[in-house]
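Undergrad: Can you read through this structure? Questions will come right after.
The values are calculated or read from the model by the stated rules, or taken from the named source; none is laboratory data. Nothing here was measured: the structure is a model prediction, and the numbers come from that model. Neighbour counts are summed over all protein chains in view; Cβ atoms, including those assigned to glycine, are modelled from backbone coordinates with ideal geometry.
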Amino acid sequence: MGPTGVGKTDLAIELSQQIPIQIISVDSVQIYKHMNIGSGKPSSDTLNKFPHDLINIIEPSDGYSTAKFQNDCKCSIKDAFHSDKLPFLVGGTMMYFDHLINGISKLPQVDADIRADVEEEFKQIGSEEMHNYLKRIDLAASLKIHKNDSQRIKRAIEVYKSTGKEFSKWQAEQRKETSKLVKNSKVIQLAIKPKDKELHRESIAKRFKEMIEIGLIDEVEKLLNMPKVDKNSQSMKSVGYRQVCEFLEGDSSLDVMIEKAINSTRQLAKRQMTWINSWEKLIILEKNSSLTSSVNKLILENI
C-alpha cells in the first residue's frame, strides 16, 4: 500500500518479473471500465503483459462497496493460490485493505423511512452540510469520512438516527468477522512512503497536469454521456473526476479546476499516509532505487 503516485504499480510489475505473483488491484476507481486517465490505471498494453485482477470489473454507472471488494478479492486470492502464485495486493484504497484484514463490522438494519429522510436532506442541503452535521453527532466518524463521500456520510447518519448510537461506536464495539482466508494465511504487510514529501507534492501536481494534457476532460465528457452516468454517480465523485465535472458544468475555470484537483489529490495522499502511520504490523519502506530488491528479499524470507 502507499499514497497516490508513489510508484506502487511500478513496484508490482518489477516484482512480477522476478517472482511468481498475481497482482490484485486495491483501488476504488480502477475497478471502473472506461475510467483510465484519471484513475492512473496501467495502459492496456501493460495490463496485457502484466494482468491485474479487479481492474475494469464494473461499469461507471454501477455502485460498489468494501463488502463487494472483500468478496471479489478473496476469490482472486484463492485463484492465485490455486495457480501456485503469491497473491500480491497493490493499491491505495485504505478502507479496502482495512476491511480485508480486519473484517467488516456488523451494523444494524436501517429503517426505510429514515433512509428516505436522510436522502431527502442530502438533496436539499448537500454533502458538505451533511458532513458538518455528522461532525456534530459523531466527530470520530466524520474525521475518517471525507466531506464528499456522500455514501458513507449517509450510512453514518442513518445508523445514528436509527439507533441513537454513533456509527463509530458501532464499528468499535461490534464483533468483526475477519476473513478466515486472510487469518489462516501468512500476510506480509508493506507500504511505500515518499522519500521527500515536497517532491511528492510536486509530482502529484505534475501527474494531474499530464492527465489533463492527454485527455482527462474528454474522458469525463464521454463518461457523462454514457447511460445512467452523471455528476452524482459514485464513480464521478472520485478525486479528479469530481473537479472535472464541476468544470464542465461551468462552476470553475480550467485553472481553478486544476488547482482544486491537485489540492484534493494531495489531501488524499495525506489521509493515506495517516492510515499507514497508524497501521499495525506494517513494514514501511522508503521509495528508493533498491526498493524492488528490498521487497523481493522480504517476501522470499517470509514465504
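Undergrad: Mind listing whichever residues of region 202-230 are in contact (Cβ under 8 Å) with a residue 12 or more places away in the chain, charged (D, E, K, R) and in contact with a Leu (Cβ under 7 Å, 6 or more places away or on another chain)?
TA: E221
Undergrad: Determine which member of the set K161, K169 is surrounded by 13 or more Cβ atoms within 10 Å (Cβ to Cβ), modelled with pLDDT under 90 and of a type in the set (K, R). Talk me through it step by step, then tell me what you get.
TA: Working: K161 fails: modelled with pLDDT under 90.
So the residue among K161, K169 that is surrounded by 13 or more Cβ atoms within 10 Å (Cβ to Cβ), modelled with pLDDT under 90 and of a type in the set (K, R) is K169.
Undergrad: OK, next. Please work out which residue is nearest to M95 (Cα to Cα), limiting yourself to region 269-293 and to residues that are surrounded by 16 or more Cβ atoms within 10 Å (Cβ to Cβ) and polar (S, T, N, Q).
TA: Filtering first and then ranking leaves Q272.
Undergrad: Moving on to the next point. For the subset of region 233-260 comprising residues that are touching a residue at least 12 places away in the same chain (Cβ under 8 Å) and part of a loop (DSSP other than H, G, I, E, B), which member is farthest from R152 (Cα to Cα)?
TA: Filtering first and then ranking leaves E249.
Undergrad: Check every one of the helices (runs of 4 or more DSSP H) wholly within region 72-166 and list those with 3 or more residues that are outside the structural domain of K41 (by TED's automatic domain parsing).
TA: Values: elements: 94-102, 112-137, 139-144, 150-163.
Helices (runs of 4 or more DSSP H) meeting the threshold: 112-137, 139-144, 150-163.
Undergrad: Report, by residue number, each residue of region 271-303 that is in contact (Cβ under 8 Å) with a residue 12 or more places away in the chain and among the charged types (D, E, K, R).
TA: So the first thing to find is which residues in region 271-303 are in contact (Cβ under 8 Å) with a residue 12 or more places away in the chain, and the list is 271-273, 275-276, 279, 281-288, 291-292, 295-296, 298-300, 302-303.
If the condition is that a residue be in contact (Cβ under 8 Å) with a residue 12 or more places away in the chain and among the charged types (D, E, K, R), then R271, K281, E286, K287 are the ones that fit.
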